[in-house]
Amino acid sequence: MTKEALKALLDGMTLEEKAGQLTQCNAGQFIRVDAEITGPEGQPLPADALNRVMGSVLTFENAKQARQLQDMHLAADRNRIPLLLMVDVIHGMKTTYPIPLAMGCSFDDDLLAECAGMARREAAAAGVHVTFNPMVDTARDARWGRILETSSEEPLINGRMGAALVRATQGDDLSDPDNIACCVKHYAAYGAGEAGRDYNAVEISERALRESYLPAYKACVDAGARLVMPSFNALNGIPSVANKWLMNTVLRDEWGFDGVVISDYDAVGELVTHGVAADMKEAACLAMEASCDIDMVKGVYYQHLADLVREGRIPEKALDDAVMRVLELKNDLGLFENPYHGADEEAEKRLNLCPAHREIARRAEEESAVLLKNEGILPLKQNIRNLALIGPFAEEKRLNGFWSRPGAEAYTVTLPEGIRDRMPDLELVIARGCGAELGDTDTDGIAAAAKAARSAEAVVLCLGEPENDSGEGRSRTEVTLPGPQLALAEAVIRANPNTAVVLFNGRPLVLTELEKIAPAILEMWYPGTEAGHALARLLWGDANPCGKLSAGLPRTTGQYPMPYNRTNTGRPKPQPDTGVFPFSSSYLDSPNLPLYSFGYGLSYTSFSYEKLTLDKQSITKNGSLTVTVTVRNTGDRPGKEAVQLYMRDLVASVVRPVQQLIDYKKISLEPGEKKDVVFTVTEKQLRFWDFNCKEISEPGDFELSVGCADHLLLTHRFTLKA
Ligand code: NOJ
């Protein structure tokens, strides 16, 4: 449709019809579909009237439903404006790949893009037009259950992976039925909620916000994300959906975002609960003033926008602009010509869970697993005859994590299935041992599990956190292994020290006690559809672990928030840490550093960082520096290594982080092979937000280092000249 035709369409619409375009319903609100509802359910809106004018739908499951929804709506809408169909396709539609936090551990933007491409193909075939992805909230506190939805505690990774996902999902042309639009969320700083409690208030200086939170959203906007979702939380006193500074000043004016803003679930209505709007009408008014275009699910816009315009409280121009943004998105998706977009039952059958997609998911699962400890236990021997698979996750099917689509467990390869496929002659003894629910105290099964361990050649002990304990609305005050799992680990490892612990969880967990007793620990996160195959290949060394932690693992929950890129204090704790140092910035009962730091992860081979060279000792503002790091595989099997480049600004007008990731590259090395990894450093990477909230760089000395956080191996200085 031409711009003129869109304008004519808009001009012919009533106020109610315009409000309808800005209203999103649950599929279940007007048609019975077995779609998952992702928020608290409220009163259904009047079905018939709404169906005529409604602009978009949240959550359905397949092409058949997509077509049904579109047909029902088009038959009722006199303007014949197709619906926008939106789904949370976060880490897969049918073929599920690892949770975003795990994908962050791959340190591989291209791999993420491959996974996103697969999800996009399956989602497009199901008739999805928009996915509520990527989520790029900086999360530095694992008490917050949604930490699993983000790639990392580091905005650089979130921004790079988010942008890669946007490009792989939207493609060059949205009207191609194989492409779908992205909604970046949750703008802004949703991950910084006080005390790690979901939906909680965020108080943060503009300087900190701009430095550590906003860059990842901006990277996705710059990559072309077509929608943005404001976060639930109040940011410095004003909920994001009504936060004019955040939405109008920064997003629209500064960043030039001209796409669609959609509220989170009932976030407009919740302005009343927050206590910043007296009633729903005022809530609608506040959200519109902050240029929120679509109201998700509760119908606040539908009920009040027309009146607000008639009363002169909202200019009709503002309403028209919002509607036009929605119509333009529909037009760019080609919906006026083909309202079904990619919805195609045949394509669904062909693509969903196809071998090629399973292969991508399996590879991603292997490359996001992080080997935390290994005292010669892994890989297991090829000629092993019997193995005990123990623990509450030994036979678990729900290894996909929050936001896997409903029913995902039905087609997940379990661990016993994966192991039997790899080792058909292996005698496999399975014992659950105990549960993993919070508050679970039943230890009756531990003795039998220890017995099974004792008579096996080796043990794989599967511990973790139930799938539903991390995700939205799932904050915890203690991020320890729930239930009696530690007691199970003690008994099993005592019975058979040839034990590898394998973890399935959605958030960094405190492993302090486990680490003392476990000879090997492999962090699998929630791997997804190919869980069993990926684990078997990792256990027997067909795949070599290469994940690096994208968020550090704490020694104790009390360390949170625990950013790896902390700033120094005037009284830093002396390093190396040999105990308690009174009057230093430290704890009486715990070291400062995490148990496992950001960027840490082992391999079955070993790497040495042989040389770090800079092509010059100083640069000017327009110059650049070439940094070369020589890495060698010093072990006896091929492996991959995520090479990480850190920076420290030694003296600046505001305190700077003691280490800051500024780039990373993942390389493959054959045994004995060495490679030069080249990074280019420019002045832009040295910038920070000064006290007056200006982005600047300051001349002076900087350090560049490689290694992982808290364990930097090689360091060089250079100078930024005025
Ligand atoms: C609430 C969540 O906060 C958001 O991430 C999600 O996209 C919406 N519900 C829609 O399901």
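Rule-based calculations on the coordinates, nothing more; no lab input. Since this is a predicted model, take the numbers as computed values, not measurements. Cβ sites come from the backbone with ideal geometry, for glycine too, and all protein chains shown count toward neighbours.
Could you tell me the calculated FRET efficiency between Thr626 and Val651, based on Cβ-Cβ distance and R0 = 25 angstrom, to the nearest 0.05?
0.55
Can you list residues whose amide H is under 5 Å from Ala369's amide H, if they're 5+ apart or on another chain and H is modeled 1.01 Å from N?
Hits under the 5 Å cutoff: Cys546, Gly547.
Which net charge results when you count Lys and Arg as +1 and Asp and Glu as -1 among the other residues whose beta-carbon is under 13 Å from that of Pro594?
Charge balance near Pro594 sits at -2.
Express as a percent, rounded to the nearest 5, the fraction of DSSP beta bridges in the chain (both residues included) that run antiparallel. Mind dumping the intermediate values first?
Values: 50 of 92 bridges.
The antiparallel fraction comes to roughly 55 percent.
Suppose every Lys and Arg Cβ carries +1 and every Asp and Glu Cβ carries -1, with no other charges. What dipole size does the chain come out with about its Cα centre, to the nearest 20 debye?
1500
So what's the gap between the Cα centers of region 378-397 and region 83-117, to the nearest angstrom?
A separation of 28 Å, based on Cα centres.
Before anything else, pin down the relative contact order of region 485-547: Cα pairs under 8 Å, at least 6 apart, normalised by residue count, whole percent.
It comes to 30 percent, rounded to a whole number.
How many angstrom separate the Cα center of region 623-653 from the Cα center of region 269-338?
48
Using the charge dipole of the chain (Lys, Arg: +1 at Cβ; Asp, Glu: -1 at Cβ; taken about the Cα centre), state which of Ala19, Gly528, Asn352 has its Cα farthest towards the positive end.
Of the options given, the answer is Gly528.
Rounded to whole Hz and in sequence order, give me ³J(HN,Hα) for region 499-509 from the Karplus expression 6.51 cos²θ - 1.76 cosθ + 1.60, θ = phi - 60°, writing x for Gly and Pro.
3J(HN,Hα) across region 499-509, in whole Hz: 10, 10, 8, 10, 10, 10, 7, x, 9, x, 10.
Any idea which of Trp144, Val87, Leu503 is furthest toward the positive side of the dipole for the chain, if Lys and Arg beta-carbons carry +1 and Asp and Glu beta-carbons -1?
Leu503
Based on the alpha carbons, how large is the Rg to Rh ratio for region 116-229 when Rh follows Kirkwood?
Rounded to two decimals, Rg over Rh is 1.01.
Taking every pair of Cα atoms in region 624-693, average 1/r, invert it to obtain the Kirkwood radius, and report Rg/Rh to two decimals.
Dividing the radius of gyration by the Kirkwood radius yields 1.13.
Run the numbers for Ser618 and Glu311: contour at 0.36 nm per residue of separation, minus the present Cα-Cα distance, in nm. The partial results should precede the final answer.
Details: separation 307, 0.36 × 307 = 110.52 nm, distance 6.28 nm.
Length difference between fully extended and current span is 104.2 nm.
Rounding to the nearest 20 debye, state how big the charge dipole of region 607-720 is about its Cα centre with +1 on each Lys and Arg Cβ and -1 on each Asp and Glu Cβ. Spell out each step's value before the answer.
Values: 16 positive and 16 negative charges, 32 e Å.
Rounded to the nearest 20 debye, it is 160 debye.
With charges set only on the Cβ (+1 for Lys and Arg, -1 for Asp and Glu), what does the dipole of region 678-722 come to about its Cα centre, in debye to the nearest 20?
Working: 5 positive and 7 negative charges, 31 e Å.
About 140 debye.
Compare the Cα positions of Tyr340, Met324, Ser404 along the charge dipole of the chain (+1 at Cβ of Lys, Arg; -1 at Cβ of Asp, Glu; about the Cα centre) and return the one farthest towards the positive end.
Ser404
Taking the DSSP beta bridges in region 607-720 as the whole, what percent of them are antiparallel, to the nearest 5?
Beta bridges within region 607-720, antiparallel portion: roughly 95 percent.
How would region 571-722 be classified by its alpha-carbon gyration tensor: rounded, prolate or oblate, with rounded meaning a/c under 1.5 and the a/b versus b/c comparison settling the rest? Don't skip to the answer; put the middle values down first.
On the way: a/c = 2.44, a/b = 1.12, b/c = 2.18.
It comes out oblate by the Cα gyration axes.
Arrange the peptides 673-685, 321-333, 378-390, 214-226 so that the one whose residues have, on average, the most other Cβ atoms within 10 Å appears first.
Values: 673-685: 15.5, 321-333: 21.1, 378-390: 18.5, 214-226: 23.2.
Ranking the peptides 673-685, 321-333, 378-390, 214-226 by packing returns 214-226, 321-333, 378-390, 673-685.
What's the local net charge at Ser624, with K and R +1, D and E -1, over the other residues with C-beta under 15 Å away? Intermediate values should be presented prior to the final figure.
Values: positive: Lys616, Lys621, Lys684, Arg687, Lys721; negative: Asp615, Asp663, Glu683.
Here the count lands on +2.
Could you sort the peptides 165-172, 691-698, 445-452 by per-residue average Cβ neighbour count (10 Å cutoff), highest mean leading?
Put in order of decreasing packing, that is 165-172, 445-452, 691-698.
If you take every DSSP beta bridge whose two residues both sit in region 97-238, what share of them, in percent to the nearest 5, is antiparallel?
Just about 10 percent of them are antiparallel.
Can you tell me the length gained on complete extension of the stretch Asp321 to Leu438, counting 0.36 nm per residue apart and subtracting the Cα distance?
37.3 nm
Please state the relative contact order of region 3-347 as a whole percent: Cα pairs under 8 Å, 6+ residues apart? Working shown, then result.
On the way: 723 pairs, mean separation 69.7, N = 345.
The value is 20 percent.
Along the Cα→Cβ direction, 7 angstrom out, place labels at Glu513 and Leu714. What is the inter-label distance in nm?
About 4.2 nm, to one decimal.
Given H placed 1.01 Å from N in the peptide plane, which residues other than close sequence neighbours of Val502 have an amide H under 5 Å from its amide H?
Here the answer is Leu461, Cys462, Leu463, Leu522, since their amide H atoms fall under 5 Å of that of Val502.
Got the relative contact order for region 607-720 handy, in percent, Cα pairs under 8 Å and 6 or more residues apart?
Answer for region 607-720 is 32 percent.
If you take the Cα Rg of the chain and divide it by 2.2 N^0.38 Å, with N the number of residues, what do you get?
0.97
So, R0 is 25 Å and r is the distance between the beta-carbons of Asn383 and Glu359; what FRET efficiency does that work out to, to 0.05?
Given R0 = 25 Å and the Cβ-Cβ separation, E is 0.35.
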